[in-house]
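These notes concern the structure reproduced below.
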Amino acid sequence: MEDELRETFFLECADLLETLESGLIALSDGTGDAETLNAVFRATHSIKGGAGAFGLTELVRFAHKFETALDEVRQKRLEPTAEVLKVFLRSSDVLSDLVDTVGRGAETDNDAVDGCVADLTKLIESSSGEAEEAVDAGATFEAMALDLDFGPISTDGPVDPFETFEIEFRPFAALYERGNETLLLLRALEALGECETVCEPVAGRMLDAVDPADPGMTWRITLRTEQGVDSLWEVFDFVEGDCALKIRSAAAMADESEEAPAPPAAGRRIRRNRRRGVPAGRGAAVPGRRGAGTGA
Amino acid sequence: MTITVLAVDDSLTMRRLIERALTESGFTVHLAEDGVHGLEVLETCEPNVIITDINMPRMDGFGFITAVRSGGPKSRLPILTLTTESAPELKQRARDAGATGWIVKPFDKEKLANVIRRVAV
């Protein structure tokens, strides 16, 4: 099956390379337009995407560089002069040779490839804007606020891998407009450990006055888990910005508060799940674990 | 419940890879080759989740997402963008169009299945 798919990829590459070459020729002789350029970009992009799926890193590397340079022209940061198009046509030939050698499992002509990469890099660097080169596939960088309050360090007894977090979550209308669902997020949290969930409706709003597209409710979840705080943030990956969200370590919160604990939220407890194997009780302070606190 | 996925991508290889990965994970898969075709196929099936590429002819991913979100009984389906681009501004553009989330190519079959299960209604 894998061989069949790989064969499909190389057959598709033949069509894509033809589109690429004919498109660049059209652009060179003045008969191409913006859509021709888009087609050329998409052909390179598709070769890169397919190569990535099969782990063909040489092909990915070259196609990525080529695609970036093409995008500079697409975004009007680089003028498609005769010189630029000459580099692109040469790159199209190199890409075609690379597809052929990689497909046959043969050795690539590194000098030709490296020379072309250098020319494409010069074009990218000469463009009027900053080239937005995609981060390597699989590497995503999400800024996160860090709370370096580690809580008190316990020096006696074994380390408890479980930690309790207090989560405050209020979805905005945009969350639902983008096809997300609060219930699915709550289920994802339940999959991480023992959860107790309280729903606070908007004060004074009767149930029949609640707008399902924007209920305005706040959900307070106490979650006891050994998965770590990163797993919690991952649950809310897609809804960042579409909700107000706070995730805090219960242990850190207890240390911050010198007053008597706040009374239970005046809301309705909706769900409680206790997964088998999750010891009851609040999480003990864990050396080296960081609490997390942020608002959205 | 069997989860049904509509996958939209102009690359034949990608469509076959997605179809294989998802059917092996127990999903039912419908395929389309660009945004225009995607809207046509959407009329004929009942997906729980939509996955779409961004760079496509005729109607790109942004246009497709906007069109799906413009109204109708399927306008609130979860839509994931499947793309090699992890640049923040592209993610934001997809979000602005109404995308639910994203998956970066090359995808891991297990992760793809888990993300789909996470958002499927």
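What follows draws every value from the coordinates through simple rules; no lab data is involved. Not measured: the values here are computed from a predicted model. Note that each Cβ is placed from the backbone with ideal geometry, even for glycine, and that neighbours are counted across all protein chains shown.
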> Taking the range B:96-121 on its own, how many of its residues are charged (D, E, K, R), more than 13 Å from the chain's Cα centre (by Cα) and either at the interface with another protein chain (Cβ under 7 Å from one of its Cβ atoms) or not in a helix (DSSP H, G or I) (or both)?
Replying inline: 2
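Looking only at helices (runs of 4 or more DSSP H) that fall completely inside the range B:1-86, which ones have 1 or more residues that are basic (Lys, Arg) and within 13 Å of another protein chain (Cβ to nearest Cβ)? Show your work before the answer.
Numbers: elements: B:12-24, B:35-44, B:61-69.
Hits in the range B:1-86: B:12-24, B:61-69.
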>> Name the residue that is surrounded by the fewest Cβ atoms within 10 Å (Cβ to Cβ), counting only residues in the range A:220-236 that are touching a helix residue (DSSP H, G or I) at 6+ places or on another chain (Cβ under 9 Å) and closer than 19 Å to B:Val119 by Cα.
In response: A:Glu234
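With a cut-off of at least 2 residues that are more than 13 Å from every other protein chain (Cβ to nearest Cβ), name the helices (runs of 4 or more DSSP H) lying wholly within the range A:1-75.
Values: elements: A:2-28, A:34-53, A:57-74.
Output list reads A:2-28, A:57-74.
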